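None of the figures in this text is laboratory data; all of them are computed from the coordinates on show. Small disclaimer: the values here were computed from a predicted structure and weren't measured. Cβ placement follows ideal geometry from the backbone for every residue including glycine, while neighbour counts extend to all protein chains displayed.
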Amino acid sequence: MQSSFFDELTGFGSFDFISFLENVRREDIQRVLRKESLSELDFLSLLSHQALEYLEPLAQRAQEHTLANFGRVISLYAPLYISNYCDNDCLYCGFKHSNTIQRKKLSVGEVEREAQEIAKSGIRHVLLLTGESKDVAPVSYIKECIQVLNQYFTSVVIEIYPLTQDEYALLIAAGADGLTIYQETYDQNLYHILHTQGPKSDYRFRLDAPQRAAEARMRQINIGALLGLGEFGKDVFFTGLHGRWLQKKYPEVELGVSFPRLQPHAGNFVCTHALSDRELVQSMIAMRLFLPRAGIAISTRENRSLRKNLIGLGVTRMSAGSRTQVGGYALDATKEGQFDIADTSSVDEVKEMIIQKGYQPVCKDWQAL
Amino acid sequence: MEDHLIIAGQVIKNRFFLGTGKFASYPLMKDAIIASRAQMVTVAVRRVDTQAAQDNILKYIPKECIIMANTSGARNADEAVRIARIARAAGCGNWIKIEIIPDNKYLLPDNVQTIQATEVLAKEGFIVMPYMNPDLADARRLYDAGAASIMPLGAPIGTNKGVCLRELIKILVEEISLPIVVDAGIGRPSHAAEAMELGAAAVLVNTAVATAEDPVLTAQAFSLAVKAGRLAYRAGVAAAKDNAEASSPLTGFLR
């Protein structure tokens with residue numbers, strides 16, 4: 001394969017992040033505040049403890065950027081879990097193979113019933129999710145599901161196990177409009193500790209997935225790290241670098257970044273690097289200043305009050321009325337979801353919240369071609 | 001004589017065109033259209049949801065307006081053509097702003113693809129309004145392809161930086177026998193007036209209005225600035241010169 005973000009990532013192999021972050025001075029942040037476009041180390045300095053002192057002026061800048069690029073608009077989407085079978089054993093995940101939870105895979109007919117229920121709420125963008133089990137939920141099955149969803153939604157984004165370029169091309173031809181794939185952590189050592197078995201233990205195959213999708217001409221690509229697994233500064237930094245790398249190589253791609261935070265779930269994983277609200281806001285603002293054009297999504301992992309406060313700081317997309325169980329909308333759902341939903345508001349309630357903030361909730365922001 | 005703008009045989013009374021994206025609500029957008037008396041409004045097809053009961057943007061556009069659908073999100077000529085056809089099928093009429101952007105960072109248009117899409121859509125009977133990088137040779141190609149106007153950007157979309165490309169736009173005004181509509185980058189009413197003083201036929205604004213503290217008042221201000229700029233152009237208000245020019249002619253004694 002051609003050049004990969006992996007090359008840029010490994011270039012930071014000997015970089016001393018701790019020392020850099022500790023040595024950021026006030027003047028550094030003040031200087032970054034005056035700049036129109038940020039270098040990678042400017043971006044990193046915004047993730048330092050020192051930058052917290054400037055959170056308010058940084059937030060003001062972030063808001064200016066967001067308004068200029070996206071206006072007073074928040075797009076809505078809903079997740080749809082089609083299967084929770086999984087061959088991986090990610091230590092932190094509720095769907096991991098060794099968890100004895102109820103497993104379910106929706107038939108294509110059941111996917112349609114879920115789709116109908118979601119579509120009733122007015123939502124026109126859907127995120128299709130599945131656990132990683134190529135035997136139970138193969139690409140051919142996902143393709144059929146996408147074709148059904150296309151009858152109800154104007155944009156179908158997939159959040160599934162990483163595929164080859166040809167497989168992405170197949171799903172794009174079937175109507176997949178976007179890809180969401182999180183690296184979980186960019187720290188290779190930590191990645192291998194957390195993903196001991198199953199196909200997901202291949203760090204590089206996952207890292208290059210957004211690139212393979214872009215090569216296959218995926219329109220929209222969303223990346224992120226699962227915050228709380230390791231040092232957040234490093235993971236947010238590499239997420240930003242990954243985004244910028246993709247943006248440069250594939251300028252036609254609509255890039256998005258998410259900030260999923262680890263939440264309590266069915267496993268017994270102890271989150272040793274839990275991210276505070278303040279650090280989440282800091283990460284989001286830093287990303288907005290580094291990548292002014294990137295969409296930023298926030299899911300119902302976060303509670304209603306925080307979600308409301310994040311509008312205006314950089315968020316451009318929100319999930320609403322979400323169910324993270326398989327069959328959660330219209331069927332006899334599984335008991336456990338992939339994570340606990342903190343914002344249980346209905347779609348109408350989320351819309352109302354956005355309107356109260358002086359923004360417009362938008363259910364359709366893409367026209368399937 | 002009335003100084004109306006005519007595009008594709010249609011009289012357009014207001015030279016201030018308004019974009020409908022980025023507003024905090026559709027009612028607010030509607031108020032801005034009414035207050036500014038904008039007649040030409042552009043609507044992104046990607047946003048139009050004809051199935052939505054309340055959230056259909058088209059319901060908030062006053063009947064007297066001309067809707068110019070735009071192909072926002074198109075990355076090449078083929079996608080733009082498909083979006084244009086969807087727009088027509090959805091009842092948006094024949095006016096189409098071709099916006100082909102293969103660059104999501106700067107949102108700069110692709111002139112080559114834009115020329116191709118213009119040729120196809122003009123043949124299909126669309127009134128084609130292509131958004132472009134101000135380049136004379138490409139503007140001539142758009143003219144040949146059947147464009148109804150040329151819409152060069154003043155500065156990249158959403159930057160509010162003003163008529164940064166004024167020298168190139170001036171050349172289009174001089175050389176192209178089509179209305180030149182300055183689109184994108186206009187951040188203040190004074191920028192809009194400047195574009196009109198240069199001889200632009202109209203100005204299209206979106207971000208600066210939609211994201212203003214008071215979009216309704218801001219839209220009115222833009223509309224007035226466009227009128228003032230137009231009057232100044234017609235009045236031949238002295239343009240800045242590169243060389244000094246004596247106010248009393250030096251050769252006036254020669255009879």
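Mind checking A:271-284 for the average number of partner chain beta-carbons within 10 Å of each residue's beta-carbon?
What the average comes to for A:271-284 is 0.
Summarise the partner chain shielding of A:67-77 as one whole number: the mean count of Cβ atoms from other chains within 10 Å of each residue's Cβ.
5
Could you tell me the relative contact order of chain A? Use alpha-carbon pairs under 8 Å, at least six residues apart, and round to a whole percent.
Computed value for chain A: 24 percent relative contact order.
Using only atoms on other chains, find how many Cβ atoms lie within 10 Å of each Cβ of peptide A:356-369 and report the average.
Counting other chains' Cβ atoms within 10 Å and averaging over A:356-369 gives 6.
In nanometres, what is the gap between the two model label sites at A:Ala173 and A:Val136, each 7 Å from Cα along Cα-to-Cβ?
2.9 nm
Do you know the relative contact order of chain B, to the nearest whole percent, from alpha carbon pairs under 8 angstrom that are 6+ apart?
Value for chain B: 18 percent.
Computed FRET efficiency, Cβ-Cβ of A:Asn309 and A:Thr164, R0 51 Å: what is it to the nearest 0.05?
The value I calculate is 0.80.
Rank by packing, highest mean first: peptides B:2-8, B:120-126, A:151-157, A:76-82, with packing defined as the count of other Cβ atoms within 10 Å averaged across residues.
Going from most to least packed, we get A:76-82, A:151-157, B:120-126, B:2-8.
Taking amide H atoms as placed 1.01 Å from N in the peptide plane, list the residues 5 or more away in sequence, or in a different chain, whose amide H sits under 5 Å from that of A:Leu179.
A:Ile158, A:Gln220, A:Ile221, A:Asn222
Write down the percent of antiparallel bridges among all DSSP beta bridges whose residues are both part of chain A, to the nearest 5.
Around 5 percent antiparallel, to the nearest 5.
Quick query: amide H of B:Ile66 versus all other amide H atoms, modeled in the peptide plane; which residues come in under 5 Å with a sequence gap of 5 or more or a different chain?
Amide H neighbours of B:Ile66: B:Met40, B:Val41.
Taking the dipole about the Cα centre of segment A:5-362, with the C-beta of Lys and Arg at +1 and of Asp and Glu at -1, give me whichever of A:Ser98, A:Ala333, A:Ala225 is farthest to the positive side.
Selected residue: A:Ala333.
Could you grab the relative contact order for segment A:127-183? Cα pairs under 8 Å, six or more apart, rounded to a whole percent.
Relative contact order comes out at 43 percent.
Which part of segment A:315-333 falls in the paramagnetic zone of A:Gln116, meaning amide N under 15 Å from the point 7 Å along Cα-to-beta-carbon?
Within reach of a label on A:Gln116: A:329-332.
Would you calculate, for the protein assembly as shown, the mean residue ellipticity at 222 nm contributed by helices, counting each DSSP H stretch of 4 or more residues as -39,500 (n - 2.57) and dividing by all residues, to the nearest 500?
That calculation yields -11000 deg cm²/dmol at 222 nm.
Mean 1/r over all different Cα pairs, inverted: what Kirkwood radius does the protein assembly as shown give, in Å?
After inverting the mean inverse Cα-Cα distance, the result is 25.8 Å.
Would you please put B:160-166, B:133-139, A:5-11 in order of how densely packed they are, using the mean number of other Cβ atoms within 10 angstrom per residue and starting with the highest?
B:160-166, B:133-139, A:5-11
Once you have a ≥ b ≥ c as the square roots of the Cα gyration tensor eigenvalues for segment A:62-219, tell me rounded if a/c is under 1.5, and otherwise prolate or oblate according to whether a/b is larger than b/c.
oblate
Quick check: Cα centre of segment A:82-123 to Cα centre of segment B:28-53, how many Å?
One Cα centre to the other: 39 Å.
May I ask you to list, by number, the DSSP H helices of chain A whose Cα span along the axis is at least 30 Å and whose average Kyte-Doolittle hydropathy reaches -1.0 or more?
Both cut-offs are met by no helix.
Using R₀ = 30 Å, calculate the FRET efficiency as 1/(1 + (r/R₀)^6) where r is the Cβ-Cβ separation of A:Asp348 and B:Ile34; round to 0.05.
0.60
Given the peptides A:21-32, A:63-74, arrange them by the average over their residues of other C-beta atoms within 10 Å, most packed first.
A:63-74, A:21-32
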